[in-house]
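Enquirer: Could you have a look at this structure, given as C-alpha coordinates, before my questions?
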Amino acid sequence: MPTRLILRETERSLLRDGMLDGMFFSPVPDCPFPVFSARIEGFVLYYTPGYLVAMREAPAGLFSEQLTLSRPKIREASLLIHFARSAAEQWEVLHRPEALAPFSLTVYTSQRCNLNCAYCFSRIEEPDAVSDAMPDVSRDTILSAAEIVAQSCRRYKQPFSFVLHGGGEPLLDPRLPELMREVSAVAAAYTLPFHSYVATNGVTPESVMRWTG
Ligand code: SF4
(Lines give C-alpha, C1' and ligand atoms only; values in the text may rest on other atoms or scores of the structure.)
Protein backbone atom coordinates (compact mmCIF):
# COMPACT_ATOMS: atom_id res chain seq x y z
CA MET A 1 0.00 0.00 0.00
CA PRO A 2 1.58 3.33 -1.02
CA THR A 3 2.06 6.14 1.44
CA ARG A 4 -0.69 8.66 0.93
CA LEU A 5 -0.77 12.06 2.52
CA ILE A 6 -3.72 14.34 1.93
CA LEU A 7 -2.91 17.81 3.12
CA ARG A 8 -1.67 16.67 6.47
CA GLU A 9 1.10 18.52 8.27
CA THR A 10 3.73 17.80 5.64
CA GLU A 11 1.70 19.28 2.81
CA ARG A 12 0.53 22.21 4.86
CA SER A 13 4.15 23.10 5.56
CA LEU A 14 4.90 22.82 1.83
CA LEU A 15 2.11 25.28 1.15
CA ARG A 16 3.09 27.54 4.04
CA ASP A 17 6.64 27.82 2.80
CA GLY A 18 5.42 29.10 -0.55
CA MET A 19 7.07 26.20 -2.31
CA LEU A 20 4.14 25.84 -4.68
CA ASP A 21 4.69 29.34 -6.06
CA GLY A 22 5.39 29.18 -9.77
CA MET A 23 4.99 25.39 -9.93
CA PHE A 24 3.80 23.98 -13.20
CA PHE A 25 1.15 21.27 -13.04
CA SER A 26 0.66 19.11 -16.13
CA PRO A 27 -2.22 16.76 -16.97
CA VAL A 28 -1.90 13.22 -15.63
CA PRO A 29 -1.38 11.01 -18.74
CA ASP A 30 -4.39 8.90 -19.76
CA CYS A 31 -6.59 10.29 -17.01
CA PRO A 32 -9.95 11.08 -18.66
CA PHE A 33 -10.66 13.91 -16.21
CA PRO A 34 -8.89 17.17 -15.29
CA VAL A 35 -6.29 15.88 -12.83
CA PHE A 36 -2.87 17.51 -12.85
CA SER A 37 0.40 16.61 -11.20
CA ALA A 38 3.68 18.25 -10.27
CA ARG A 39 6.81 17.08 -8.51
CA ILE A 40 8.20 18.81 -5.47
CA GLU A 41 11.02 17.70 -3.20
CA GLY A 42 10.35 13.97 -3.00
CA PHE A 43 6.58 14.33 -3.41
CA VAL A 44 4.17 14.24 -6.31
CA LEU A 45 1.19 16.52 -5.94
CA TYR A 46 -2.08 15.66 -7.66
CA TYR A 47 -4.59 18.44 -8.10
CA THR A 48 -8.13 18.79 -9.34
CA PRO A 49 -10.39 21.73 -8.45
CA GLY A 50 -11.29 21.28 -4.79
CA TYR A 51 -8.86 18.50 -3.97
CA LEU A 52 -5.13 18.09 -3.55
CA VAL A 53 -3.26 14.87 -2.78
CA ALA A 54 0.43 14.71 -1.97
CA MET A 55 2.20 11.40 -2.28
CA ARG A 56 5.76 10.25 -1.79
CA GLU A 57 7.47 9.96 -5.13
CA ALA A 58 8.18 6.21 -5.06
CA PRO A 59 4.58 4.92 -5.09
CA ALA A 60 3.25 7.78 -7.20
CA GLY A 61 3.45 5.72 -10.40
CA LEU A 62 0.99 3.20 -8.97
CA PHE A 63 -1.25 6.02 -7.87
CA SER A 64 -1.17 7.62 -11.34
CA GLU A 65 -2.27 4.32 -12.85
CA GLN A 66 -5.30 4.33 -10.57
CA LEU A 67 -6.28 7.70 -12.04
CA THR A 68 -6.78 6.12 -15.45
CA LEU A 69 -9.47 3.79 -14.06
CA SER A 70 -13.14 4.71 -13.95
CA ARG A 71 -13.36 3.14 -10.46
CA PRO A 72 -10.01 3.54 -8.68
CA LYS A 73 -9.44 1.15 -5.82
CA ILE A 74 -7.44 3.58 -3.68
CA ARG A 75 -9.65 5.89 -1.71
CA GLU A 76 -7.74 9.10 -2.44
CA ALA A 77 -7.62 8.33 -6.15
CA SER A 78 -11.34 7.64 -6.07
CA LEU A 79 -11.94 11.01 -4.39
CA LEU A 80 -9.73 12.79 -6.92
CA ILE A 81 -11.68 11.24 -9.78
CA HIS A 82 -14.95 12.16 -8.06
CA PHE A 83 -13.96 15.84 -7.75
CA ALA A 84 -12.42 15.88 -11.23
CA ARG A 85 -15.58 14.44 -12.79
CA SER A 86 -17.63 17.03 -10.95
CA ALA A 87 -15.32 19.83 -12.21
CA ALA A 88 -15.62 18.55 -15.78
CA GLU A 89 -19.42 18.54 -15.51
CA GLN A 90 -19.47 22.09 -14.14
CA TRP A 91 -17.14 23.24 -16.92
CA GLU A 92 -19.51 21.79 -19.48
CA VAL A 93 -22.51 23.52 -17.90
CA LEU A 94 -20.66 26.85 -17.78
CA HIS A 95 -19.79 26.63 -21.45
CA ARG A 96 -23.25 25.88 -22.76
CA PRO A 97 -24.57 28.80 -24.81
CA GLU A 98 -27.46 29.31 -22.39
CA ALA A 99 -25.04 29.73 -19.45
CA LEU A 100 -24.44 33.33 -20.50
CA ALA A 101 -27.97 34.64 -20.30
CA PRO A 102 -27.82 38.14 -18.81
CA PHE A 103 -31.04 40.10 -18.41
CA SER A 104 -29.43 43.10 -16.76
CA LEU A 105 -26.64 45.42 -17.82
CA THR A 106 -24.91 46.94 -14.80
CA VAL A 107 -22.33 49.61 -15.58
CA TYR A 108 -19.82 51.16 -13.25
CA THR A 109 -19.08 54.11 -15.47
CA SER A 110 -16.22 55.58 -13.43
CA GLN A 111 -14.80 55.85 -9.93
CA ARG A 112 -15.27 59.58 -9.54
CA CYS A 113 -17.30 60.68 -6.58
CA ASN A 114 -18.29 63.96 -4.95
CA LEU A 115 -18.05 62.39 -1.50
CA ASN A 116 -15.20 60.58 0.18
CA CYS A 117 -16.79 58.12 2.59
CA ALA A 118 -14.26 56.54 4.93
CA TYR A 119 -15.41 52.97 4.25
CA CYS A 120 -15.52 53.24 0.47
CA PHE A 121 -13.28 51.01 -1.67
CA SER A 122 -13.01 53.75 -4.28
CA ARG A 123 -11.92 56.30 -1.69
CA ILE A 124 -8.61 57.95 -2.45
CA GLU A 125 -6.45 60.55 -0.81
CA GLU A 126 -6.14 62.68 -3.93
CA PRO A 127 -9.51 62.76 -5.67
CA ASP A 128 -8.10 64.17 -8.94
CA ALA A 129 -5.82 61.17 -9.38
CA VAL A 130 -8.65 58.70 -9.86
CA SER A 131 -9.67 59.72 -13.35
CA ASP A 132 -6.13 58.98 -14.52
CA ALA A 133 -5.91 55.70 -12.62
CA MET A 134 -9.19 54.24 -13.85
CA PRO A 135 -10.47 55.34 -17.25
CA ASP A 136 -14.21 55.62 -17.77
CA VAL A 137 -15.95 52.68 -19.42
CA SER A 138 -16.27 53.60 -23.07
CA ARG A 139 -19.56 54.19 -24.87
CA ASP A 140 -18.69 51.46 -27.41
CA THR A 141 -18.11 48.91 -24.66
CA ILE A 142 -21.43 49.75 -23.03
CA LEU A 143 -23.36 49.53 -26.29
CA SER A 144 -21.69 46.24 -27.24
CA ALA A 145 -22.64 44.80 -23.86
CA ALA A 146 -26.18 46.15 -24.33
CA GLU A 147 -26.47 44.16 -27.56
CA ILE A 148 -25.49 40.95 -25.77
CA VAL A 149 -27.99 41.56 -22.97
CA ALA A 150 -30.74 42.48 -25.45
CA GLN A 151 -30.20 39.29 -27.45
CA SER A 152 -30.42 37.25 -24.25
CA CYS A 153 -33.56 39.11 -23.07
CA ARG A 154 -35.27 38.51 -26.38
CA ARG A 155 -34.35 34.85 -26.37
CA TYR A 156 -35.73 34.30 -22.88
CA LYS A 157 -38.58 36.84 -23.15
CA GLN A 158 -37.32 39.01 -20.32
CA PRO A 159 -37.34 42.80 -19.90
CA PHE A 160 -34.06 44.68 -20.27
CA SER A 161 -32.66 46.23 -17.07
CA PHE A 162 -30.03 48.93 -17.20
CA VAL A 163 -28.32 49.68 -13.88
CA LEU A 164 -25.92 52.54 -13.38
CA HIS A 165 -23.89 51.90 -10.33
CA GLY A 166 -20.84 53.30 -8.71
CA GLY A 167 -17.57 52.53 -7.44
CA GLY A 168 -18.15 56.28 -7.58
CA GLU A 169 -21.16 58.50 -8.15
CA PRO A 170 -22.72 57.65 -11.53
CA LEU A 171 -24.56 60.95 -11.87
CA LEU A 172 -21.25 62.79 -12.18
CA ASP A 173 -20.83 61.27 -15.63
CA PRO A 174 -22.00 63.87 -18.17
CA ARG A 175 -22.56 61.12 -20.73
CA LEU A 176 -25.36 59.56 -18.74
CA PRO A 177 -28.43 61.09 -20.47
CA GLU A 178 -27.02 60.14 -23.87
CA LEU A 179 -26.01 56.67 -22.69
CA MET A 180 -29.47 56.12 -21.25
CA ARG A 181 -31.04 57.08 -24.57
CA GLU A 182 -28.70 54.88 -26.57
CA VAL A 183 -29.07 51.81 -24.36
CA SER A 184 -32.86 52.16 -24.28
CA ALA A 185 -32.73 52.40 -28.10
CA VAL A 186 -30.92 49.04 -28.18
CA ALA A 187 -33.67 47.53 -26.02
CA ALA A 188 -36.32 49.11 -28.24
CA ALA A 189 -34.69 47.65 -31.34
CA TYR A 190 -35.34 44.22 -29.81
CA THR A 191 -38.89 45.29 -28.75
CA LEU A 192 -38.06 44.76 -25.09
CA PRO A 193 -39.59 46.46 -22.05
CA PHE A 194 -36.87 48.69 -20.57
CA HIS A 195 -36.16 49.41 -16.90
CA SER A 196 -33.39 51.62 -15.62
CA TYR A 197 -31.96 52.25 -12.17
CA VAL A 198 -29.37 54.68 -10.88
CA ALA A 199 -27.60 53.97 -7.60
CA THR A 200 -26.78 57.48 -6.44
CA ASN A 201 -25.59 59.01 -3.19
CA GLY A 202 -28.25 61.69 -3.70
CA VAL A 203 -25.80 64.58 -3.34
CA THR A 204 -26.63 65.94 -6.74
CA PRO A 205 -27.75 69.26 -8.21
CA GLU A 206 -31.53 69.54 -8.48
CA SER A 207 -31.39 69.75 -12.27
CA VAL A 208 -29.58 66.41 -12.48
CA MET A 209 -31.94 64.86 -9.95
CA ARG A 210 -34.91 66.00 -12.08
CA TRP A 211 -33.36 64.27 -15.06
CA THR A 212 -33.18 60.96 -13.19
CA GLY A 213 -36.86 61.22 -12.37
S1 SF4 B 1 -19.11 55.93 -4.09
FE2 SF4 B 1 -20.64 55.97 -2.47
S3 SF4 B 1 -19.58 55.13 -0.70
FE4 SF4 B 1 -18.01 55.70 -2.18
S5 SF4 B 1 -17.39 57.78 -1.61
FE6 SF4 B 1 -19.00 57.95 -3.15
S7 SF4 B 1 -20.91 58.12 -1.97
FE8 SF4 B 1 -19.33 57.35 -0.61
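Enquirer: Taking T212 as meeting all but one of (1) loosely packed, with under 14 Cβ neighbours inside 10 Å; (2) within 16 Å of the ligand (Cβ to nearest atom), write down the number of the exception.
Expert: It fails just one condition, (1).
Enquirer: Check region 105-128 and report whether any residue there is more than 16 Å from the ligand (Cβ to nearest atom) and either farther than 30 Å from V198 by Cβ or small (G, A, S) (or both).
Expert: No.
Enquirer: Related question: How many of the residues making up region 63-104 are of a type in the set (D, E, K, R) and more than 18 Å from G50 (Cα to Cα)?
Expert: Here the count works out to 5.
Enquirer: Right, next: Given (1) modelled with pLDDT of 90 or more; (2) closer than 16 Å to V137 by Cβ, where does A187 come up short, assuming only one miss?
Expert: Every condition holds for A187 apart from (2).
Enquirer: Pairs needed: first member in region 161-178, free of Cβ contacts under 8 Å to residues at least 40 places away in the same chain; second member anywhere, within 15 Å of the ligand (Cβ to nearest atom); C-beta distance under 6 Å; at least 6 residues apart or different chains.
Expert: none
Enquirer: Give, as residue ranges, the helices (runs of 4 or more DSSP H) completely inside region 1-118 that count at least 1 residues that are at pLDDT 80 or above and not assigned by TED's automatic domain parsing to the domain that holds T141.
Expert: Here the list reads 60-66, 75-94.
Enquirer: Can you pull out every residue in region 164-186 that is more than 9 Å from the ligand (Cβ to nearest atom) and among the acidic types (D, E)?
Expert: D173, E178, E182
The values are calculated or read from the model by the stated rules, or taken from the named source; none is laboratory data. These numbers were taken from a predicted model, which means no experiment stands behind them. Cβ sites come from the backbone with ideal geometry, for glycine too, and all protein chains shown count toward neighbours.
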